[in-house]
Amino acid sequence: MVRNFRERLHDIRAFAFDVDGVCTNNTVLISETGLLLRNSNTRDGYAIHAAVRNQFPVAIITGGRTESVASRFKALGVQDVFLAVADKTVAFEEFLLIHDLKAEQVLYMGDDWPDYDVLKLCGLPTCPADAAPEIQAICDYVSPYRGGEGCVRDVIEQVLKVHGCWGKLESAGQ
């Protein structure tokens, strides 16, 4: 029996996300000192924080090296932030081991070729509306929202709703 996307949300126990193009839009500003500045969505941040507070492990897996990215996600409660990752499957498998998870229990959201192999491994491959066409083709769910514009909240909210824990938290910081 083939299960639809909504039914499969019940199996999700953890999340993993790419950063650029998913948690941020694809615009990176460079300061005069060479610092890379990214724009993130506060509603995505709220959803990540809500997932963590509801005991869903969250991983950030990025090829980026900027410590400000790690600081942002750690402030939201994310403990598993993998920076400067050349092979995202290695970080993904480490995340599984740390939390005693099976790949099919993890929703992963990516937007481009570096995410391809993890999307093929995870239980529920998802992407933003503006992901590369090759990535959209292998994802079971394409959010109607673009990277950095609510796609992360979209998938987290759906999962937490089917688990009965969306909206049950007191006001959480973003």
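Taking each residue of the range 134-159 that is within 13 Å of Asp112 (Cβ to Cβ) and looking for partners that are among the β-branched types (Val, Ile, Thr) with beta-carbon atoms closer than 8 Å, six or more apart or interchain, yields Gln136/Val142; Cys139/Thr126; Gly147/Val22; Gly147/Thr24. Ala131 satisfies every condition listed in (1) closer than 26 Å to Glu7 by Cβ; (2) free of Cβ contacts under 8 Å to residues at least 40 places away in the same chain except (2).
Scanning the range 45-80 for residues that are closer than 13 Å to Asp20 by Cβ, part of a helix (DSSP H, G or I) and among the aliphatic types (A, V, I, L, M) returns a single hit, Val69.
Determine whether Val142 is surrounded by fewer than 21 Cβ atoms within 10 Å (Cβ to Cβ), more than 12 Å from the chain's Cα centre (by Cα) and at pLDDT 95 or above. The answer is yes for Val142.
Filter the range 3-21 down to the residues that are in a loop (DSSP other than H, G, I, E, B) and in contact with a Gly (Cβ under 8 Å, 6 or more places away or on another chain), then identify the one that is farthest from Ala103 (Cα to Cα). Let's see the steps before the verdict.
Keep residues of the range 3-21 that are in a loop (DSSP other than H, G, I, E, B), which gives 3-4, 12-13, 18-19, 21.
Retained after the next criterion (residues that are in contact with a Gly (Cβ under 8 Å, 6 or more places away or on another chain)): 12, 18-19, 21.
Values: Ile12: 10, Asp18: 16, Val19: 20, Gly21: 23 Å.
So the residue we want is Gly21.
Filtering the range 81-126 to residues that are in a strand (DSSP E or B), closer than 24 Å to Thr42 by Cβ and in contact (Cβ under 8 Å) with a residue 24 or more places away in the chain leaves Leu107, Tyr108, Met109, Thr126. In the range 114-129, is there at least one residue being small (Gly, Ala, Ser), buried (at least 17 other Cβ atoms within 10 Å of the Cβ) and within 16 Å of Ile48 (Cα to Cα)? No, every residue in the range 114-129 fails to be small (Gly, Ala, Ser), buried (at least 17 other Cβ atoms within 10 Å of the Cβ) and within 16 Å of Ile48 (Cα to Cα). Taking the criterion of being among the basic types (Lys, Arg) and closer than 13 Å to Val78 by Cβ, the only residue of the range 38-68 that qualifies is Arg53.
Looking at the range 145-165, which of its residues are hydrophobic (A, V, I, L, M, F, W, C) and either under 13 Å from the mean Cα position of the chain (by Cα) or within 20 Å of Leu76 (Cβ to Cβ) (or both)?
Passing the criteria: Cys151, Val152, Val155, Ile156, Val159, Leu160, Cys165.
So which residues in the range 58-107 are of a type in the set (Lys, Arg) and at pLDDT below 95, if there are any at all? Hits for the range 58-107 are Arg65, Arg72. In the range 1-39, of all residues being of a type in the set (Val, Ile, Thr) and either closer than 13 Å to Val159 by Cβ or buried (at least 19 other Cβ atoms within 10 Å of the Cβ) (or both), the one that is modelled with the lowest pLDDT corresponds to Thr24. Contact annotation: residue pairs with Cβ atoms under 7 Å, 6 or more positions apart or on different chains, pairing a residue in the range 40-51 that is modelled with pLDDT under 95 with a partner that is in a helix (DSSP H, G or I) and not charged (D, E, K, R), are Asp44/Val152.
The values are calculated or read from the model by the stated rules, or taken from the named source; none is laboratory data. Being a predicted model, the structure only gives us computed values, none of them experimental. When we count neighbours, we look across all protein chains shown, and the Cβ atoms used for this are built from the backbone with ideal geometry, even at glycine.
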